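Okay, structure first, notes after.
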Amino acid sequence: MLTKNLLAASLGTLLSLAATGANAMAEYKVWHYVSPDTLLDVAPGDITLGNSKLTPPAFACGMRINLPAYWDWSDTSGNGNFSKDVFVWIPKAGCPYPNDIVVEYTDHSQTFSYKVGNEYRSIFTNYGKNWVNAQGKVPSCGCVPNFPYKISGAKWASLDPDFDRLKADLRNPAQPTRALVETRTLLATLSSLATEAAGRVELRRRTNLPDREAAVRSLEDSALRKLAVAQAHMNTAMDRLSAGLFDDETHTEVDLGRENSIDAGKEFDEALDLIAPQAGER
């Protein structure tokens, strides 16, 4: 088990990181069917964070999405706004809708029907989500309280603006040295974050989580993998810039580096939501 001193020290870090991670827009995709052309490993009833598949905890019958802003269909026109929290019920034995995917307001005042021809419905929110049980409640956990993955909060927060600066300089090949320096800086940041995150994951895994270990491990593994992929893309970008190549392929490598690193941060936030003290039954 993690020591009380470690947990107490982590609390201060968690509070200091709250401002950097708060209110980031998240896209949850609720999959209704999967076409043969879909590249993701998903099935009807799955929920993904962007393109990252989420593994429901053992207790989960669905997800409560807090104050969602709006929804959008994947393949056809049509979208709409929400005015309050919603449940996304997944098909599972012993749950309210064992054979159906159902999206409804948490007060059951309105159900949002499926529009045939769409693989998924995207639901956007700035206020997070919770997995819920058959009663629509959030089981308390407290199994690893106040254990942030992101110790270097400032470095995580620097990724977006640093990528913005690099992309701007890539559009101006008259400044090759600056683009090289910025790429080198991003590589150093990603390397540091990957090492730190691997250590935090190893430490977290000393505590087994009774009803959510598989869900948390899936997020941890995916986040670490994406940090490695981000580094690989940025190393390729560095090689191309060193050769004086400021072309579309270099832009693509940087874009993929950014996408994977930002997605990794979101997945660590999702894992933290599962292991941090929950809201309790409500």
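None of the figures in this text is laboratory data; all of them are computed from the coordinates on show. Predicted, not measured: the structure shown is a model, and the values here were computed from it. FYI the Cβ positions are ideal-geometry reconstructions off the backbone, even for glycines, and counts take in every protein chain you see.
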Test of understanding: what is the full-extension gain from THR185 to SER152, defined as 0.36 nm times their sequence separation minus their Cα-Cα distance? 10.4 nm
Once the chain is represented by equal point scatterers at the alpha-carbon sites, with solvent omitted, what log10 I(q)/I(0) does the Debye formula produce at q = 0.10 Å⁻¹? -0.59
On the Cα set of the stretch 106-161, report Rg and Dmax in Å, please. 17.8, 45
Under a 5 Å amide H to amide H cut-off, with H placed in plane at 1.01 Å, what residues pair with LYS92 once short-range neighbours are removed? TYR97, ASN99, ASP100
Let me check against my output: what whole-number percent is the relative contact order of the chain, with C-alpha pairs under 8 Å and at least 6 apart? 22
Any idea what diffusion coefficient the stretch 29-142 gets from Stokes-Einstein, in µm²/s, Kirkwood Rh on alpha carbon pairs, 25 °C, 0.890 mPa s? 171
Amide H partners (placed H, <5 Å) of ALA69, local residues excluded: PHE124, THR125, ASN126
Averaging over every viewing direction, what projected area does the convex hull of the Cα atoms of the stretch 153-275 cover, in nm²? 7.1
Can you list residues from other chains, or at least 5 along the same chain, whose modelled amide H is less than 5 Å from the amide H of GLU27? GLY50
Helix-only mean residue ellipticity at 222 nm, the chain, DSSP H runs n ≥ 4 weighted -39,500 (n - 2.57), per residue, nearest 500. What is it? -15500 deg cm²/dmol
Quote the Stokes-Einstein diffusion coefficient, in whole µm² s⁻¹, for the stretch 194-261, based on the Kirkwood radius over alpha carbon pairs, a temperature of 25 °C and a viscosity of 0.890 mPa s. 181
Arrange the following residues from fewest to most other Cβ atoms within 10 Å of their Cβ: TRP73, TRP131. TRP73, TRP131
Among SER222, SER122, rank each residue by its count of other Cβ atoms within 10 Å, from fewest to most, as a rough exposure measure. SER122, SER222
Using the beta-carbon distance between TYR33 and TYR127 and R0 = 22 Å, what value does 1/(1 + (r/R0)^6) give for FRET efficiency, to the nearest 0.05? 0.20
Of LYS115/LYS167; LYS84/LYS167; LYS92/LYS129; LYS84/LYS226; LYS53/LYS115; LYS53/LYS92, which ones are farther than 28 Å apart at the Cα? LYS115/LYS167; LYS84/LYS167; LYS84/LYS226
Please report HIS251, HIS108, HIS32 as a ranked list, fewest other C-beta atoms within 10 angstrom at the top and most at the bottom. HIS108, HIS251, HIS32
